[in-house]
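The values are calculated or read from the model by the stated rules, or taken from the named source; none is laboratory data. The structure displayed is predicted, hence computed values, not measured ones. Don't worry about glycine lacking a Cβ; one is built from the backbone with ideal geometry, like all the others, and counts go over all protein chains shown.
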Amino acid sequence: MRPATGEVLHFSEDPTIEVFRPHVAKTAQQATAYVWAVGYDRAPDYWFPRQCPRAMAWVGPSTTPEDRERIIGAGSGSRVHAVEYGWLEAMRSVELYAYRLPADDFVERDAAFVATTEVQPLGPPERVGDLFALHDEAGIQLRVLPLLHDFWAETVTTTLEWSGIRLRNAKP
């Protein structure tokens, strides 16, 4: 589930959104109200239940072969996502939807896209489906770990590119 040319995606467990209105998230570090979306490369970051903590790492232009092998593994693709065992059932059962939004309404900000005005979806939301199959089809390793923070602590010291989402929801 990735956006087509001229689109960005917003993932949600709510299939009834008709208009996206800018808002300031509870965890926001800025006061500006935004509608958030993602492009092709970062869409896999959101193939999870909304509250699921996840740590992700992928090969970037500065990644050393040693870091790639240590974190991702030899011959194991170029990207790995990790979650905790406690989130397996939620990943199996979540009903996740993707909204396709017009890219022209957004500007790129860090690794995301933001809009400061209301945005209407290009059509009805699409059910994302089996999150495990989606990772498999994309060639992304999906690791299930007892503790996410151990993987995260090791990953952020490497030359890999990485992202962590909802880490506050991980086991301490």
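Exactly one residue among PRO172, PRO121 is outside any helix (DSSP H, G or I) and surrounded by 14 or more Cβ atoms within 10 Å (Cβ to Cβ), and that residue is PRO121.
Residues of the range 113-140 being aliphatic (A, V, I, L, M) and touching a strand residue (DSSP E or B) at 6+ places or on another chain (Cβ under 6 Å), which ones? Result: VAL114, ALA115, VAL119, LEU122, VAL128, ILE140.
Condition first: farther than 24 Å from VAL144 by Cα and among the charged types (D, E, K, R). Can you find one or more residues in the range 19-31 that meet it?
Start the filter on the range 19-31 by keeping residues that are farther than 24 Å from VAL144 by Cα, which leaves 19-31.
Subset that is among the charged types (D, E, K, R): 21, 26.
Looking through the range 19-31, at least one residue is farther than 24 Å from VAL144 by Cα and among the charged types (D, E, K, R).
Scanning the range 4-39 for residues that are surrounded by 11 or more Cβ atoms within 10 Å (Cβ to Cβ) and of a type in the set (Ser, Thr, Tyr) yields SER12, TYR34. Take the conditions over 19 Å from ASP45 (Cα atoms), modelled with pLDDT of 95 or more and touching a helix residue (DSSP H, G or I) at 6+ places or on another chain (Cβ under 8 Å) and apply them to VAL94. Does it pass? Answer is no for this residue. The residue of the range 124-137 that is surrounded by the most Cβ atoms within 10 Å (Cβ to Cβ), among those that are in contact with a Phe, Trp or Tyr (Cβ under 7 Å, 6 or more places away or on another chain) and farther than 27 Å from GLU161 by Cα, is PRO125. When restricted to residues that are outside any loop (DSSP other than H, G, I, E, B), among the basic types (Lys, Arg) and more than 12 Å from the chain's Cα centre (by Cα), the range 24-56 contains 0.
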